[in-house]
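Written below as structure tokens is the structure these notes are about.
All of the numbers you see were taken from the coordinates with simple rules; none came from a lab. Computed from a predicted model, the values in this text were never measured in an experiment. Every residue, glycine among them, receives a Cβ derived from its backbone with ideal geometry; neighbour counts consider all protein chains shown.
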Amino acid sequence: MPLARLAALPGVSTASGVASAAEHARTTGRVLPVSPALSGLLPAAGLRRGSTVSVLGSTSLLLTLLAAATAGGAWAVAVGLPALGVVAAAELGVEVGRLALVPRPGAEFPAVTAALLDGFDLVVVGPGLARPEVARRLSARARHRGSVLLSSGPWPGAEVELTCHRSRWTGFTGDGAGYLRAREVEVRAGGRGAAARPMSALLRFPGEGEVERADLPTTRWGTA
């Protein structure tokens, strides 16, 4: 299905430039960059083209995965995430001029997502939208087209799964006064193949700007 027809699909509302964005050349290289604070959690030290990554428990983490790639010229699209905050994305470093939105694909989700995987570097999908057989087909499409498929929630067969296990806000004084300045989260990574060995790290999401590493991981990725 050509991307130029997406806006005509029932239930689909796209950000301006979805069709034209896909006409731009893809960023070169087999691995799309991520923030240095996240690179140690990924077996390729970035987002390998053709891979599927699921992110559980944090929209901030999901958006941060897009930041370095979009800043470097990659195009991203979010499908089925109507509450996604563009301002929050910008504060976390996403180049929102290279981010398209398809908030409510409805019954056309499989066809819309498959078409977007043909033209975008990174395709982010909302939770619970794909049945297992659809998820497998879309992951295969990503592998064939060299896109990165990012799921906000569990995804059958994801190569890498990133999960936020605990969160703590900083900025309060001892008596409970003060301003929320940053949020520390423990992120655990696991998956299949090269990602089978678990890793964890403490990350700090500031109120705006780039995510920081609060504590370096103590383990390294094994080999497949």
Amide H partners (placed H, <5 Å) of R48, local residues excluded
L32
Which of W155, W75 has the fewest other C-beta atoms within 10 Å, and how do the rest follow up to the most?
W155, W75
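Of the listed peptides 81-88, 134-141, what is their order by residue-averaged count of other C-beta atoms within 10 Å, with the highest listed first?
My ranking of the peptides, most packed first, is 134-141, 81-88.
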